[in-house]
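The values are calculated or read from the model by the stated rules, or taken from the named source; none is laboratory data. In this text the structure is predicted, and so the values were computed from the model without any measurement. Note that we place each Cβ from the backbone using ideal geometry, even for glycine, and neighbour counts take in every protein chain shown. Accessible surface is based on the protein model in full, side chains and every heavy atom, while ligands, DNA and RNA are left aside. Shrake-Rupley method; radii C 1.70, N 1.55, O 1.52, S 1.80 Å.
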Amino acid sequence: MKLLKYFLLVLILGACSQKKETTPETLSDDINIIEISREQFSKNDMAIGSLQEQEFPEVVNANGLIDVPPENRAVISAVIGGYIERTPLIVGDLVKKGQLLVTLENPEFVQLQQEYLEVSEKLEYLKSEYERQQTLFQENISSEKNYLKTKSDYKMAKARYNGLEKQLRLLNISSSEVLKGNITTTASLYAPISGNVTEVFVSKGTYVSPASPIMEVVDNSHIHLELSVFERDIMNIKEGQPIAFKIPEASERTFMAEVYLVGTTIGQNRTIKVHGHLKNDKDRFLIGMFVEAEIIIHKESSSALPTESVVEIEGKAYTLRLLSQDDTVLRFEKVNISTGMTHQGFTQVKDEKIVEGDDQFLIRGAFGLINVEME
């Protein structure tokens, strides 16, 4: 039996010895003091640093999209229906204002021009007759009835003439060419704004009615953020507040914007629209990109440590403060600290004794030491 107990004791001591060799730190008699060798410090890529002054913003989180103002988005449609005779553009093409987008063909265009030409010829005669009857009426040669009838006929023809001319203008058909007898079977649609083609809804030979969209052009030279903010947060949002946002599906960068307009109506999901102007319009964004944003409503400057140097255990925050060091050993004290907000890799430190001192701390590698010590 004594031999068996001795054998078990040897096994336990051997296991303890192996555990100690794999642990990168050596504990002193004080459980709050941790000693590590200079070799262990370098091997585990640890680092020492001081408190830093950092800004900790109070933010409202919001999601939204990259969008453009309504005036920068144009949906092209026909005033009068017709068949697509030509559509040279595809999605992504850059167009300039006034550039040809699509050509429509319809026999009604011929009829419209014919009516315009006929009314134009008739109008000249009616004007001459109206002026003649006006003169005769003033000289009491002709009756008032004849005068009023010629006046009415002339005014009606002139109204018809003007209306047909407006229709031709909407179809981009030259009325002067029609008056010369040059009648066309096609009508052209031109870009109302400069931008990129984002949608093409038709192909050659497609019949489109006046209500059918043909193409969409978007000018992304003035893009903005359209964010959705919950009702509970909207009272804190004001024009001019900075916005930090990311495009999680495309980049890890943080971009900046500014609150430009706060909506005044609540949507069905109890959110309000907030529009933001970008600080740098040179960044390449695509319309419809999903964004995650933080609207900064307040900033507070405070002393802070890197977040990885602060370890939270059972609701309490700890860090390692440097007590002394020499060529072979570094001695740290595990201290309980009061923390605040965390932002961009830094944690706010609120303890006055620590903030007012010139202490140094283990800013990289503390997590492993404190957790091993607690075990």
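What the table shows:
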item: In region 319-375, the residues that are surrounded by 14 or more Cβ atoms within 10 Å (Cβ to Cβ), farther than 21 Å from SER37 by Cβ and among the polar types (S, T, N, Q); result: THR339, THR347, GLN348
item: In region 84-99, the residues that are among the β-branched types (Val, Ile, Thr) and assigned to a loop (DSSP other than H, G, I, E, B); result: THR87, ILE90, VAL91
item: Residue within region 61-84 that is aromatic (Phe, Trp, Tyr), within 30 Å of LEU179 (Cβ to Cβ) and surrounded by fewer than 19 Cβ atoms within 10 Å (Cβ to Cβ) present; result: yes
item: Some residue of region 107-121 being open to solvent by less than 80 Å² (accessible area, probe 1.4 Å), small (Gly, Ala, Ser) and in a loop (DSSP other than H, G, I, E, B); result: no
item: Near pairs, Cβ below 7 angstrom, 6+ apart or cross-chain, from region 212-235 (within 28 Å of VAL79 (Cβ to Cβ)) to any residue that is of a type in the set (Asp, Glu) and surrounded by fewer than 17 Cβ atoms within 10 Å (Cβ to Cβ); result: MET215/GLU199; GLU216/GLU199
item: Count of residues meeting criterion [assigned to a helix (DSSP H, G or I) and surrounded by 12 or more Cβ atoms within 10 Å (Cβ to Cβ)] in region 136-145; result: 2
item: Region 270-291, subset open to solvent by less than 100 Å² (accessible area, probe 1.4 Å) and assigned to a loop (DSSP other than H, G, I, E, B), residue nearest to GLY240 (Cα to Cα); result: ASN280
item: Subset of region 281-307 that is of a type in the set (D, E, K, R) and modelled with pLDDT of 90 or more - its residue that is farthest from ASN196 (Cα to Cα); result: GLU294
item: Subset of region 175-208 (residues that are without any contact (Cβ under 8 Å) to a residue 12 or more places away in the chain and surrounded by 13 or more Cβ atoms within 10 Å (Cβ to Cβ)); result: GLU177
